[in-house]
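What follows draws every value from the coordinates through simple rules; no lab data is involved. Remember, predicted model here, so these are calculated numbers, not experimental data. Note that we place each Cβ from the backbone using ideal geometry, even for glycine, and neighbour counts take in every protein chain shown.
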Amino acid sequence: MGMLVDGVWKDVWYDTKSTKGHFKRTTTSFRNWVTKDGAPGPSGDGGFKAEAGRYHLYVSLACPWAHRTLIFRKLKKLDDLISVSVVHPLMLENGWTFKTDAAATGDDLFGLDYLWQVYVKADPAYNGRVTVPVLWDKIQNTIVSNESAEIIRMFNTAFNGLTGDDQDFYPQALHDDIEALNNRIYDTVNNGVYKAGFATTQDAYEEALTPLFESLDWLEELLTNRRYLCGDVLTEADWRLFTTLVRFDAVYVGHFKCNIRRIADYPALSAYLKTLYSVPGVAETVNIDHIKRHYYGSHKTINPTGIIPVGPELDFLLP
Ligand SMILES: N[C@@H](CCC(=O)N[C@@H](CS)C(=O)NCC(=O)O)C(=O)O
């Protein structure tokens, strides 16, 4: 774990001293958008036209934010248009690496050793954390975006003319509902588990845990009466929640101490998780082995022995 300072790699853990034990996620720095015709998107610069074979996605199969982009690549039929490299599950003193293993592919584009080298290629004086996902442009030789929330919106529409797929996970009529759901779920659930897990004081941990379980209880009630978060329509809000739910019982309950209840204890959330998992193409984006090895193996301050629990048996994996 570390970061780049003026383009030089430094091995440092998250600073929670200045925030009294609270984990604060830093903002993302590459915010350009791929669009149908290369016109600028809501942020960043233009010049990133949707073209087959032009873009490359760097992901970790362990990371819930990168997982969103893999799901959208799959559901929006972008497999043949956007290539992918998968980093090694362990993120230690060199950050994400391109060491290969069963599902870690190495860097198919440049043959580099570390993800930070991709960031330095895009910006030789880069300052900040080196995170996945990264969407790389092979023509301009730079990072288009490293913000998953925006990459999934690009994937949702920009390539429709090339794939002929017009499924819409962010329909105009539901924008307000989706934003409201995303805001609460991001703060208390997606990022809530990290705030609990990376807290270094009892107070900071408990401050994250209470709203996390209030939100899970609220979601359980909501999903008792609805198929998806917005009703009958499957939207990006569901996929954003899914990547946290699918990791919850395997790692967040134990490793991040989010242990008031498991997802398995919530009937509606469990059924919903299974429904989303069984959407064609989704199961192949879930890699529980990388997920467990990453969290239990990479965060030495939380789990110094690096021992990976054998259980639990996960219900959604069963047919
Ligand atoms: N805002 C980013 C967050 C991505 C993120 O935090 N990824 C984690 C992996 S789960 C990461 O790469 N962390 C490395 C670090 O913080 O040094 C997004 O949603 O795309």
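Suppose R0 equals 51 Å; then what is the FRET efficiency for A173 and A125 from their Cβ-Cβ distance, rounded to the nearest 0.05? Between A173 and A125 the formula returns 0.70. Each other residue within a Cβ distance under 13 Å of D80 adds +1 if Lys or Arg and -1 if Asp or Glu, for a net charge of +2. Stretching the chain fully between W218 and K77 yields a gain of 47.5 nm (0.36 nm per residue, less the alpha carbon separation). Electrostatic tally near G41: other residues with Cβ closer than 13 Å to its Cβ, Lys and Arg +1, Asp and Glu -1, net 0. Summing charges over all other residues whose Cβ lies under 14 Å from the Cβ of M91, with Lys and Arg as +1 and Asp and Glu as -1, gives +1.
Once both labels are positioned 7 Å from their Cα atoms along Cα-to-Cβ, the gap between E51 and A149 label points is 3.1 nm.
Under conditions of 20 °C and 1.002 mPa s, the stretch 3-163 yields 133 µm² s⁻¹ as its translational diffusion coefficient, taking Rh as the Kirkwood radius over Cα pairs in the Stokes-Einstein equation. Springs join every pair of Cα atoms under 10 Å in this Gaussian network model of the chain, and among K20, K195, K49 the largest mean-square fluctuation is at K20.
FRET efficiency for the pair A268 and V310, taken as 1/(1 + (r/R0)^6) with r the Cβ-Cβ distance and R0 = 35 Å, rounds to 0.80. Each residue of the stretch 210-226 is assigned a 3J(HN,Hα), and the resulting list reads 4, x, 4, 6, 4, 5, 5, 5, 5, 5, 4, 5, 4, 7, 6, 10, 9 Hz, derived from the Karplus form 6.51 cos²θ - 1.76 cosθ + 1.60 (θ = phi - 60°), x at Gly and Pro. Placing +1 on the Cβ of every Lys and Arg and -1 on the Cβ of every Asp and Glu, with nothing else charged, gives the chain a dipole about its Cα centre of roughly 500 debye. Counting lysine pairs in the stretch 8-131 that sit 8 or more residues apart in sequence, or on different chains, and whose Cα atoms lie under 25 Å apart gives 14. Across the options A104, V8, S60, the greatest Cα extent toward the positive end of the charge dipole of the stretch 1-105 (unit charges at beta carbon of Lys, Arg, Asp, Glu) belongs to S60.
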